[in-house]
Amino acid sequence: MLKKLSRAVLPASLRDWFHWQRLLWNCAGFGPGDLERAYGEICSGLDLARLRALREGMRATRERDPRCPAKYYDVEHWLRIALCNAARLGLHRRRGLRILDLGCGPGWFMAACRHFGHEVDGLDLPYGMMDDVSARVYRELTDFLGFGDRVQETRIEALKAMPLRGEYDVIVAFLVCFNNHKQPDTWGAREWRFFLDDAAARLRPGGRLFMQLNSDRPRFGKRVFYDAETLELFAARGQVRGKMVDIRTPSAPRHPVSAVSS
Ligand SMILES: C[S@@+](CC[C@H](N)C(=O)[O-])C[C@H]1O[C@@H](n2cnc3c(N)ncnc32)[C@H](O)[C@@H]1O
(Lines give C-alpha, C1' and ligand atoms only; values in the text may rest on other atoms or scores of the structure.)
Protein backbone atom coordinates (compact mmCIF):
# COMPACT_ATOMS: atom_id res chain seq x y z
CA MET A 1 0.00 0.00 0.00
CA LEU A 2 2.71 2.46 1.12
CA LYS A 3 4.88 1.28 -1.78
CA LYS A 4 2.07 1.94 -4.25
CA LEU A 5 1.43 5.37 -2.79
CA SER A 6 5.12 6.35 -2.88
CA ARG A 7 5.35 5.16 -6.50
CA ALA A 8 2.44 7.43 -7.36
CA VAL A 9 3.63 10.60 -5.61
CA LEU A 10 7.45 10.54 -5.30
CA PRO A 11 10.01 11.04 -8.08
CA ALA A 12 12.21 7.99 -8.76
CA SER A 13 15.35 9.58 -7.28
CA LEU A 14 13.61 10.32 -3.96
CA ARG A 15 12.05 6.85 -3.88
CA ASP A 16 15.54 5.39 -4.37
CA TRP A 17 16.89 7.55 -1.56
CA PHE A 18 14.16 6.31 0.84
CA HIS A 19 14.72 2.74 -0.27
CA TRP A 20 18.44 2.78 0.63
CA GLN A 21 17.84 4.74 3.84
CA ARG A 22 15.38 2.08 4.94
CA LEU A 23 17.83 -0.74 4.15
CA LEU A 24 20.64 1.02 5.98
CA TRP A 25 18.47 1.70 9.01
CA ASN A 26 19.65 -1.29 11.01
CA CYS A 27 23.17 -1.67 9.65
CA ALA A 28 25.38 -1.29 12.70
CA GLY A 29 27.00 2.03 11.80
CA PHE A 30 27.28 1.27 8.08
CA GLY A 31 26.00 4.45 6.44
CA PRO A 32 25.33 5.66 2.88
CA GLY A 33 28.99 6.74 2.46
CA ASP A 34 30.23 3.30 3.53
CA LEU A 35 27.80 1.65 1.15
CA GLU A 36 29.00 3.71 -1.81
CA ARG A 37 32.66 3.19 -0.90
CA ALA A 38 32.29 -0.58 -0.64
CA TYR A 39 30.21 -0.69 -3.81
CA GLY A 40 32.83 1.33 -5.71
CA GLU A 41 35.71 -0.79 -4.38
CA ILE A 42 34.07 -4.05 -5.43
CA CYS A 43 33.09 -2.67 -8.85
CA SER A 44 36.61 -1.44 -9.49
CA GLY A 45 37.75 -5.08 -9.36
CA LEU A 46 35.04 -6.28 -11.78
CA ASP A 47 35.04 -6.35 -15.57
CA LEU A 48 31.92 -4.21 -15.94
CA ALA A 49 32.06 -4.24 -19.75
CA ARG A 50 31.77 -8.03 -19.59
CA LEU A 51 28.87 -7.75 -17.17
CA ARG A 52 27.08 -5.35 -19.55
CA ALA A 53 27.58 -7.88 -22.36
CA LEU A 54 26.12 -10.68 -20.21
CA ARG A 55 23.15 -8.49 -19.32
CA GLU A 56 22.63 -7.57 -22.97
CA GLY A 57 22.63 -11.27 -23.87
CA MET A 58 19.53 -11.74 -21.69
CA ARG A 59 17.77 -8.53 -22.63
CA ALA A 60 14.94 -10.20 -24.61
CA THR A 61 14.29 -12.67 -21.77
CA ARG A 62 14.20 -9.81 -19.30
CA GLU A 63 11.77 -7.84 -21.44
CA ARG A 64 9.46 -10.84 -21.61
CA ASP A 65 9.60 -11.37 -17.84
CA PRO A 66 11.09 -8.49 -15.83
CA ARG A 67 10.90 -10.52 -12.58
CA CYS A 68 12.89 -13.50 -13.83
CA PRO A 69 16.44 -14.11 -12.52
CA ALA A 70 17.89 -12.06 -15.41
CA LYS A 71 17.20 -9.09 -13.08
CA TYR A 72 20.30 -10.20 -11.14
CA TYR A 73 22.59 -8.70 -13.81
CA ASP A 74 21.74 -5.29 -12.31
CA VAL A 75 24.88 -4.87 -10.24
CA GLU A 76 23.78 -1.35 -9.22
CA HIS A 77 20.84 -2.77 -7.31
CA TRP A 78 21.80 -6.28 -6.19
CA LEU A 79 25.32 -5.60 -5.01
CA ARG A 80 24.06 -2.73 -2.86
CA ILE A 81 21.33 -4.98 -1.42
CA ALA A 82 23.97 -7.64 -0.65
CA LEU A 83 26.20 -5.09 1.06
CA CYS A 84 23.30 -3.88 3.20
CA ASN A 85 22.43 -7.47 4.12
CA ALA A 86 26.03 -8.18 5.08
CA ALA A 87 26.24 -4.97 7.11
CA ARG A 88 22.97 -5.76 8.89
CA LEU A 89 24.73 -8.88 10.18
CA GLY A 90 27.70 -6.79 11.28
CA LEU A 91 30.00 -8.53 8.79
CA HIS A 92 31.72 -5.24 7.88
CA ARG A 93 33.04 -5.08 11.47
CA ARG A 94 34.64 -8.51 11.53
CA ARG A 95 37.17 -10.43 9.47
CA GLY A 96 37.96 -14.04 8.70
CA LEU A 97 34.61 -15.71 9.38
CA ARG A 98 33.57 -18.83 7.52
CA ILE A 99 30.24 -18.08 5.89
CA LEU A 100 27.82 -20.25 3.93
CA ASP A 101 25.11 -18.78 1.71
CA LEU A 102 22.26 -21.27 1.14
CA GLY A 103 20.45 -20.64 -2.15
CA CYS A 104 23.24 -18.26 -3.14
CA GLY A 105 21.84 -17.70 -6.66
CA PRO A 106 23.92 -15.05 -8.45
CA GLY A 107 26.53 -14.74 -5.69
CA TRP A 108 26.24 -11.04 -4.88
CA PHE A 109 26.10 -11.71 -1.14
CA MET A 110 29.22 -13.86 -1.46
CA ALA A 111 30.96 -10.93 -3.17
CA ALA A 112 30.00 -8.64 -0.27
CA CYS A 113 31.33 -11.15 2.29
CA ARG A 114 34.61 -11.56 0.41
CA HIS A 115 34.98 -7.79 0.29
CA PHE A 116 34.66 -7.62 4.07
CA GLY A 117 37.42 -10.21 4.47
CA HIS A 118 35.51 -13.43 5.01
CA GLU A 119 35.82 -16.87 3.50
CA VAL A 120 32.54 -17.72 1.83
CA ASP A 121 30.94 -20.75 0.21
CA GLY A 122 27.64 -20.94 -1.62
CA LEU A 123 25.15 -23.73 -2.07
CA ASP A 124 22.42 -23.90 -4.68
CA LEU A 125 20.41 -26.37 -6.71
CA PRO A 126 22.36 -28.39 -9.27
CA TYR A 127 22.21 -26.37 -12.52
CA GLY A 128 20.58 -29.36 -14.20
CA MET A 129 17.57 -29.01 -11.84
CA MET A 130 17.03 -25.32 -12.60
CA ASP A 131 15.02 -23.84 -15.44
CA ASP A 132 17.19 -22.62 -18.35
CA VAL A 133 17.12 -18.93 -17.40
CA SER A 134 18.06 -19.52 -13.75
CA ALA A 135 20.85 -21.93 -14.70
CA ARG A 136 22.34 -19.49 -17.19
CA VAL A 137 22.10 -16.42 -14.95
CA TYR A 138 23.40 -18.11 -11.78
CA ARG A 139 26.22 -19.88 -13.56
CA GLU A 140 27.29 -16.80 -15.51
CA LEU A 141 27.22 -14.51 -12.49
CA THR A 142 28.93 -16.80 -9.99
CA ASP A 143 31.65 -17.48 -12.61
CA PHE A 144 31.92 -13.76 -13.35
CA LEU A 145 32.39 -13.07 -9.63
CA GLY A 146 35.03 -15.80 -9.37
CA PHE A 147 32.93 -18.18 -7.27
CA GLY A 148 32.50 -20.95 -9.84
CA ASP A 149 34.34 -23.46 -7.66
CA ARG A 150 32.86 -22.29 -4.36
CA VAL A 151 29.25 -23.12 -5.11
CA GLN A 152 28.18 -26.55 -3.98
CA GLU A 153 25.47 -27.93 -6.27
CA THR A 154 23.09 -29.54 -3.81
CA ARG A 155 19.35 -29.60 -3.45
CA ILE A 156 18.19 -28.93 0.10
CA GLU A 157 15.43 -31.41 0.79
CA ALA A 158 12.87 -31.76 3.55
CA LEU A 159 14.00 -33.97 6.42
CA LYS A 160 17.39 -34.72 4.85
CA ALA A 161 20.70 -33.57 6.31
CA MET A 162 22.64 -31.21 4.04
CA PRO A 163 25.87 -32.82 2.81
CA LEU A 164 28.00 -29.82 3.75
CA ARG A 165 31.77 -29.74 3.46
CA GLY A 166 32.69 -27.92 6.62
CA GLU A 167 31.65 -25.95 9.68
CA TYR A 168 30.65 -22.33 9.60
CA ASP A 169 30.48 -19.26 11.80
CA VAL A 170 27.53 -17.87 9.86
CA ILE A 171 24.97 -19.58 7.65
CA VAL A 172 22.62 -17.29 5.74
CA ALA A 173 19.75 -17.73 3.33
CA PHE A 174 18.14 -14.73 1.63
CA LEU A 175 14.81 -14.90 -0.20
CA VAL A 176 14.46 -18.51 0.85
CA CYS A 177 12.91 -20.90 -1.68
CA PHE A 178 14.36 -24.23 -0.53
CA ASN A 179 11.36 -24.70 1.77
CA ASN A 180 9.39 -25.57 -1.39
CA HIS A 181 8.16 -22.00 -1.42
CA LYS A 182 4.66 -21.60 -2.91
CA GLN A 183 4.44 -25.31 -3.70
CA PRO A 184 1.80 -27.69 -2.35
CA ASP A 185 4.40 -29.24 -0.02
CA THR A 186 5.77 -26.01 1.49
CA TRP A 187 7.57 -26.82 4.73
CA GLY A 188 5.75 -26.75 8.03
CA ALA A 189 7.15 -26.88 11.58
CA ARG A 190 8.34 -30.51 11.28
CA GLU A 191 10.53 -29.83 8.24
CA TRP A 192 11.80 -26.54 9.65
CA ARG A 193 12.70 -28.18 12.98
CA PHE A 194 14.81 -30.76 11.15
CA PHE A 195 16.49 -28.05 9.07
CA LEU A 196 17.25 -25.84 12.12
CA ASP A 197 18.81 -28.80 13.96
CA ASP A 198 20.85 -29.72 10.88
CA ALA A 199 22.07 -26.14 10.35
CA ALA A 200 22.89 -25.79 14.08
CA ALA A 201 25.04 -28.94 13.84
CA ARG A 202 27.08 -27.24 11.07
CA LEU A 203 27.64 -24.07 13.06
CA ARG A 204 30.65 -23.46 15.25
CA PRO A 205 30.02 -22.43 18.87
CA GLY A 206 28.73 -18.87 18.89
CA GLY A 207 27.56 -19.29 15.28
CA ARG A 208 24.56 -17.73 13.66
CA LEU A 209 21.84 -18.79 11.23
CA PHE A 210 20.12 -15.88 9.54
CA MET A 211 17.26 -16.28 7.08
CA GLN A 212 15.09 -13.91 5.12
CA LEU A 213 11.90 -15.71 4.16
CA ASN A 214 9.73 -15.14 1.13
CA SER A 215 6.11 -14.15 1.56
CA ASP A 216 3.28 -16.55 0.85
CA ARG A 217 0.11 -14.74 1.88
CA PRO A 218 -2.31 -17.10 0.13
CA ARG A 219 -0.98 -19.95 2.30
CA PHE A 220 -0.11 -18.21 5.55
CA GLY A 221 -2.64 -15.36 5.62
CA LYS A 222 -1.83 -12.57 8.07
CA ARG A 223 1.38 -14.28 9.27
CA VAL A 224 2.59 -14.07 5.63
CA PHE A 225 5.83 -16.09 6.01
CA TYR A 226 4.95 -19.12 8.21
CA ASP A 227 2.17 -20.85 10.05
CA ALA A 228 1.59 -20.43 13.81
CA GLU A 229 3.51 -23.57 14.77
CA THR A 230 6.55 -22.61 12.68
CA LEU A 231 6.53 -19.11 14.13
CA GLU A 232 6.49 -20.61 17.62
CA LEU A 233 9.43 -22.84 16.68
CA PHE A 234 11.48 -19.93 15.28
CA ALA A 235 10.69 -17.75 18.29
CA ALA A 236 11.75 -20.54 20.69
CA ARG A 237 15.13 -20.82 18.91
CA GLY A 238 15.95 -17.18 18.26
CA GLN A 239 14.52 -13.86 17.11
CA VAL A 240 11.82 -13.51 14.49
CA ARG A 241 10.88 -10.18 12.96
CA GLY A 242 8.52 -10.61 10.03
CA LYS A 243 10.53 -12.30 7.32
CA MET A 244 13.81 -12.24 9.29
CA VAL A 245 14.75 -15.25 11.40
CA ASP A 246 17.95 -14.91 13.43
CA ILE A 247 19.20 -17.84 15.48
CA ARG A 248 22.46 -18.01 17.43
CA THR A 249 24.15 -21.10 18.80
CA PRO A 250 25.57 -20.89 22.32
CA SER A 251 29.23 -19.84 22.61
CA ALA A 252 31.75 -22.37 23.85
CA PRO A 253 32.34 -21.96 27.60
CA ARG A 254 35.52 -19.95 28.26
CA HIS A 255 36.70 -22.51 30.80
CA PRO A 256 35.48 -25.86 29.58
CA VAL A 257 33.47 -27.54 32.31
CA SER A 258 35.22 -30.75 33.23
CA ALA A 259 33.20 -33.85 33.88
CA VAL A 260 32.24 -34.17 37.53
CA SER A 261 32.84 -37.63 38.93
CA SER A 262 30.58 -38.73 41.72
C1 LIG B 1 14.81 -16.14 -4.87
S2 LIG B 1 16.39 -16.85 -5.19
C3 LIG B 1 17.38 -15.97 -4.02
C4 LIG B 1 18.82 -15.86 -4.43
C5 LIG B 1 19.70 -15.11 -3.45
N6 LIG B 1 19.73 -15.77 -2.16
C7 LIG B 1 19.25 -13.68 -3.29
O8 LIG B 1 18.86 -13.29 -2.18
O9 LIG B 1 19.28 -12.93 -4.24
C10 LIG B 1 16.23 -18.44 -4.43
C11 LIG B 1 17.46 -19.30 -4.59
O12 LIG B 1 17.24 -20.54 -3.91
C13 LIG B 1 17.66 -21.60 -4.75
N14 LIG B 1 16.91 -22.81 -4.37
C15 LIG B 1 15.59 -23.07 -4.55
N16 LIG B 1 15.28 -24.27 -4.07
C17 LIG B 1 16.42 -24.80 -3.56
C18 LIG B 1 16.73 -26.04 -2.91
N19 LIG B 1 15.81 -26.95 -2.68
N20 LIG B 1 18.02 -26.24 -2.53
C21 LIG B 1 18.98 -25.32 -2.73
N22 LIG B 1 18.74 -24.11 -3.34
C23 LIG B 1 17.47 -23.87 -3.74
C24 LIG B 1 17.34 -21.10 -6.15
O25 LIG B 1 18.04 -21.83 -7.16
C26 LIG B 1 17.78 -19.65 -6.04
O27 LIG B 1 19.13 -19.47 -6.25
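The values are calculated or read from the model by the stated rules, or taken from the named source; none is laboratory data. These figures come from a predicted structure and were not determined experimentally. We place every Cβ from the backbone using ideal geometry, glycine too, and count neighbours over all the protein chains shown.
Kindly check whether there is at least one residue in the stretch 127-150 that is within 24 Å of Arg202 (Cα to Cα), at pLDDT 95 or above, loosely packed, with under 14 Cβ neighbours inside 10 Å and within 12 Å of the ligand (Cβ to nearest atom).
No, the stretch 127-150 contains no residue that is within 24 Å of Arg202 (Cα to Cα), at pLDDT 95 or above, loosely packed, with under 14 Cβ neighbours inside 10 Å and within 12 Å of the ligand (Cβ to nearest atom).
Whether any residue in the stretch 69-89 is away from the ligand (no atom under 16 Å from the Cβ) and part of a helix (DSSP H, G or I) is what I want to check.
no
Let me confirm something: among Val176, Val240, which residue is surrounded by 14 or more Cβ atoms within 10 Å (Cβ to Cβ), within 13 Å of the ligand (Cβ to nearest atom) and β-branched (Val, Ile, Thr)?
Selected residue: Val176, the only one of Val176, Val240 that is surrounded by 14 or more Cβ atoms within 10 Å (Cβ to Cβ), within 13 Å of the ligand (Cβ to nearest atom) and β-branched (Val, Ile, Thr).
Name every residue in the stretch 243-252 that is modelled with pLDDT of 95 or more and either under 15 Å from the mean Cα position of the chain (by Cα) or loosely packed, with under 11 Cβ neighbours inside 10 Å (or both), in order of residue number.
Lys243, Met244, Val245, Asp246, Ile247
Right, His92: under 30 Å from Gly57 (Cα atoms), more than 11 Å from the ligand (Cβ to nearest atom) and crowded, with 16+ Cβ neighbours inside 10 Å or not?
no
Of all residues in the stretch 210-237, how many are surrounded by fewer than 17 Cβ atoms within 10 Å (Cβ to Cβ) and under 13 Å from Val172 (Cβ atoms)?
Counting residues in the stretch 210-237 that are surrounded by fewer than 17 Cβ atoms within 10 Å (Cβ to Cβ) and under 13 Å from Val172 (Cβ atoms) gives 0.
Looking at (1) within 12 Å of the ligand (Cβ to nearest atom); (2) within 18 Å of the chain's Cα centre (by Cα), which one does Glu191 not meet, given that it meets all the others?
(2)
Being away from the ligand (no atom under 15 Å from the Cβ) and not in a helix (DSSP H, G or I) is the filter; apply it to the stretch 45-65 and report the residue that is nearest to Val137 (Cα to Cα).
So, considering only residues that are away from the ligand (no atom under 15 Å from the Cβ) and not in a helix (DSSP H, G or I), the one nearest to Val137 (Cα to Cα) is Met58.
Among the residues of the stretch 151-164, which ones are touching a Lys or Arg at 6+ places or on another chain (Cβ under 6 Å) and either in a helix (DSSP H, G or I) or within 11 Å of the ligand (Cβ to nearest atom) (or both)?
none
List the residue pairs whose Cβ atoms are under 6 Å apart, where the first residue sits in the stretch 86-115 and is under 21 Å from Asn26 (Cβ atoms), the second is within 11 Å of the ligand (Cβ to nearest atom) and among the acidic types (Asp, Glu), and the two are 6 or more positions apart or on different chains.
Here the result reads Phe109/Asp101, each pair linking the stretch 86-115 to a residue that is within 11 Å of the ligand (Cβ to nearest atom) and among the acidic types (Asp, Glu).
Among the numbered conditions (1) more than 10 Å from the ligand (Cβ to nearest atom); (2) surrounded by 16 or more Cβ atoms within 10 Å (Cβ to Cβ), tell me where Lys182 comes up short.
Going through the list (1) more than 10 Å from the ligand (Cβ to nearest atom); (2) surrounded by 16 or more Cβ atoms within 10 Å (Cβ to Cβ), Lys182 breaks only (2).
Of everything in the stretch 95-122 that's part of a helix (DSSP H, G or I) and in contact with an Asp or Glu (Cβ under 8 Å, 6 or more places away or on another chain), which residue is nearest to the ligand (Cβ to nearest atom)?
Ranking the candidates gives Phe109 first.
Please specify each residue of the stretch 194-216 satisfying the condition of being more than 17 Å from the chain's Cα centre (by Cα) and closer than 16 Å to Met244 by Cα.
Asp216
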